[in-house]
Amino acid sequence: MEHKKTYNAKQLKTPQGDIIIEGPISSDTLAGYEFHEDLVAFRPPLQQHQALVGIAKLTEGRIIIARNRHTIVGYVTYLYPDPLERWSEGKMDNLIELGAIEVIPEFRGCAVGKNLLIVSMMDDAMEDYITITTEYYWHWDLKGTKLNVWDYRKVMEKMMTAGGLEWYATDDPEICSHPANCLMARIGKRIGLESVQSFDRLRFKNRFMY
């Protein structure tokens, strides 16, 4: 499958200053920007910056960033699912995972996450993918946002819906381990029935096991 990437950008005005939301960003451009020290959700900032540069080099890897002048203040990543997860077992080259989304506390509540998703889906090539995200409550910044699990989940769902993702049922044990966890997905317009059926088989692996 050919992995086209069409750059898109959008300006967002916030009380903290103007932000440019843009991508997919090349690894070289990404490496040239400052990476905000508050982007600590997944790894220390320096390591996470290097990890994003690595993802941008992958054929299917996509990074959309939010930047305030020369500093990255938020990002979203898309890449093939982790080989250890069930979502990679179908070996589907048209199934991509929203792997991480993060916005620094200073810019939260300014619709940055929502716009990262909107700009992501402005790329027509995303119509050739099934885009999934697996949401686990233990990844959420409940402490920093002072939200409870259910309020945080509402915020996440609202943000993902802005990118056209919707809730899908699954029997995945990790997702089923807590009622706040969920699978969300967006089926691109050019995805055929065969791919949808392959995705359904991944969602319900235990359907016929009694």
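Of the conditions (1) part of a loop (DSSP other than H, G, I, E, B); (2) over 17 Å from residue 113 (Cβ atoms), residue 41 clears all except one; give me its number.
With respect to (1) part of a loop (DSSP other than H, G, I, E, B); (2) over 17 Å from residue 113 (Cβ atoms), residue 41 is out only on (2).
Answer yes or no as to whether residue 7 is surrounded by fewer than 19 Cβ atoms within 10 Å (Cβ to Cβ) and of a type in the set (Ser, Thr, Tyr).
Spelling it out, residue 7 is indeed surrounded by fewer than 19 Cβ atoms within 10 Å (Cβ to Cβ) and of a type in the set (Ser, Thr, Tyr).
Here is a list: 133, 71, 161, 77. Which entry is closer than 18 Å to residue 23 by Cα, among the polar types (S, T, N, Q) and out of contact with any Phe, Trp or Tyr (no Cβ under 8 Å at 6 or more places or on another chain)?
Only one candidate qualifies: 77.
Can you list residue pairs whose Cβ atoms sit under 7 Å apart, with the first residue in the range 176-197 being of a type in the set (Ser, Thr, Tyr) and the second being part of a loop (DSSP other than H, G, I, E, B) and modelled with pLDDT of 95 or more? Count only pairs 6 or more apart in sequence or on different chains.
Close Cβ pairs (under 7 Å, with a partner that is part of a loop (DSSP other than H, G, I, E, B) and modelled with pLDDT of 95 or more) amount to 195/92; 195/94.
Looking at the range 66-100, which of the residues that are touching a Ser or Thr at 6+ places or on another chain (Cβ under 9 Å), crowded, with 22+ Cβ neighbours inside 10 Å and in contact (Cβ under 8 Å) with a residue 40 or more places away in the chain is nearest to residue 36 (Cα to Cα)?
Here the answer is 76.
Could you tell me which residue of the range 126-158 is nearest to the chain's Cα centre (by Cα), considering only residues that are more than 26 Å from residue 204 (Cβ to Cβ) and touching a residue at least 12 places away in the same chain (Cβ under 8 Å)?
Once the filter is applied, the top-ranked residue is 158.
Would you check which residues across the range 103-132 are at pLDDT 95 or above, charged (D, E, K, R) and touching a helix residue (DSSP H, G or I) at 6+ places or on another chain (Cβ under 8 Å) and list them?
Residue satisfying the conditions is 114 alone.
Output yes when any residue across the range 20-35 is among the aromatic types (Phe, Trp, Tyr) and closer than 21 Å to residue 134 by Cβ, and no when none is.
no
Assigned to a helix (DSSP H, G or I), within 18 Å of the chain's Cα centre (by Cα) and touching a residue at least 24 places away in the same chain (Cβ under 8 Å) - does that describe any residue in the range 22-29?
Looking through the range 22-29, at least one residue is assigned to a helix (DSSP H, G or I), within 18 Å of the chain's Cα centre (by Cα) and touching a residue at least 24 places away in the same chain (Cβ under 8 Å).
The values are calculated or read from the model by the stated rules, or taken from the named source; none is laboratory data. Worth saying up front: this structure is predicted, and the values here are computed from it rather than measured. For neighbour counting, all protein chains shown are included, and Cβ atoms are generated from backbone atoms with ideal geometry for every residue, glycine included.
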